[in-house]
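These notes concern the structure reproduced below.
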Amino acid sequence: MFKKTFAVGMTLALAATLVGCGSDDKKGGDANTPEKDPEKLTVGFIPSQNAENLSAKAKPLGDLLSKELGIPVEVQVTTNFNGLVEGMAAKKVDVGFLNPINYVFAHDKKKAVKVLLQTERNGADYYRAMFVKRADNKDINKLEDIKGKKVAFVDASSAAGYIYPAVMMKDLKLNPETDVKPTLAGGHDKAMMALLRGDVDVATVFEDARDTILKEVPDVKEKLVPFAYSDKIPNDTVSIRNGFSDEFNKKVADAFMKIMKTDEGKKIGKEIYSFDNLVPSDDKNFDPVRKAVETMGLEPK
């Protein structure tokens with residue numbers, strides 16, 4: 001089920017959305033001729049939380065970026081993880097906050113993007129996935145205990161929300177599709193809310209995704225507790241679609257890093273993806289992600 005979901009491209013509705021966004025003409029010249037600097041930049045985000053909430057929180061970042069670059073910047077939140085990759089491949093989205101799985105897909109399979117930056121959280125350019133349960137659940141204490149339980153994964157192409165947790169399960173000879181009762185929540189916040197409601201027994205989210213719903217559930221850290229963590233996952237990226245000049249790419253990267261040196265930038269980063277800094281990145285940082293994708297036998301198409 002999840003393998004097929006990951007392989008699917010964008011839906012017709014999403015395709016219609018993407019066709020309507022971005023600059024009017026981004027076809028450019030041949031593959032070896034950089035496009036002229038755009039007159040407008042579209043920055044895309046993937047849904048780690050409610051799309052409307054994320055869009056509202058990300059708009060101030062677009063406004064700051066517009067001031068730095070001297071051109072209009074539009075913020076676009078796609079309805080699923082693969083949609084942003086497809087938008088960048090179609091040259092309808094210029095810059096994307098891609099999670100590590102989507103970055104590898106976009107870079108290796110689509111040949112569509114270059115990585116510019118990685119997020120940092122508290123000085124670290126990596127994070128982990130965590131399995132969480134309700135604090136009052138005494139039946140689950142270790143990963144082996146989830147067999148037969150209802151598990152809310154986030155999305156089939158989410159590193160922390162599915163891929164890395166599924167690798168952990170496979171290491172214990174647990175099949176993430178048949179040894180548990182899986183569901184795809186569509187967002188880290190949605191997975192945790194399903195857990196809080198009692199719809200599922202376990203949720204897989206990034207560490208510590210509980211911070212994203214503190215306003216809605218102030219005592220979430222008392223109600224939901226982690227009981228297993230994954231290996232390190234390289235942080236999500238700021239990637240730019242192929243076609244622009246190296247000079248323009250550097251200009252965009254420098255603008256993002258300058259913004260993140262300000263208190264306002266750090267506040268926005270915390271609100272959208274819980275990060276407080278952006279640092280230069282390199283493609284080789286994502287080799288462990290490629291290994292995880294290979295372990296899962298996932299082949300995006």
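Some observations on this one:
Conditions (1) of a type in the set (A, V, I, L, M, F, W, C); (2) not assigned by TED's automatic domain parsing to the domain that holds residue 46, marked per residue:
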| site | (1), (2) |
| --- | --- |
| 112 | yes, no |
| 115 | yes, no |
| 118 | no, no |
| 141 | no, yes |
| 146 | yes, yes |
| 155 | no, yes |
| 160 | yes, yes |
| 172 | yes, yes |
| 183 | no, yes |
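- Test set (1) assigned to a helix (DSSP H, G or I); (2) of a type in the set (A, V, I, L, M); (3) within 30 Å of residue 172 (Cα to Cα); (4) at pLDDT below 95 - residue 298 fails condition number: (1)
- Annotation for region 84-107: no member residue is over 24 Å from residue 156 (Cβ atoms), in contact (Cβ under 8 Å) with a residue 24 or more places away in the chain and surrounded by fewer than 18 Cβ atoms within 10 Å (Cβ to Cβ).
- Within region 55-71, considering residues that are of a type outside the set (D, E, K, R), under 22 Å from residue 253 (Cβ atoms) and in a helix (DSSP H, G or I), the one nearest to the chain's Cα centre (by Cα): 58
- Pairing residues of region 142-153 that are touching a residue at least 60 places away in the same chain (Cβ under 8 Å) with residues that are surrounded by 13 or more Cβ atoms within 10 Å (Cβ to Cβ) and in a helix (DSSP H, G or I), at Cβ distances under 8 Å and at least 6 apart in sequence or on separate chains, gives 143/168; 143/169; 153/2; 153/161; 153/162; 153/165; 153/166; 153/191.
- Hits in region 161-185 - residues which are in contact (Cβ under 8 Å) with a residue 40 or more places away in the chain and part of a loop (DSSP other than H, G, I, E, B): 176, 177
- Of 247, 207, all but one fail to be in contact (Cβ under 8 Å) with a residue 24 or more places away in the chain, on the phi < 0 side of the Ramachandran plot and not small (Gly, Ala, Ser); the exception is 207.
The values are calculated or read from the model by the stated rules, or taken from the named source; none is laboratory data. No experiment lies behind these values; they were computed from the predicted model shown. Methodologically, a virtual Cβ is constructed for each residue, glycine included, from the backbone with ideal geometry; neighbour enumeration extends over all protein chains shown.
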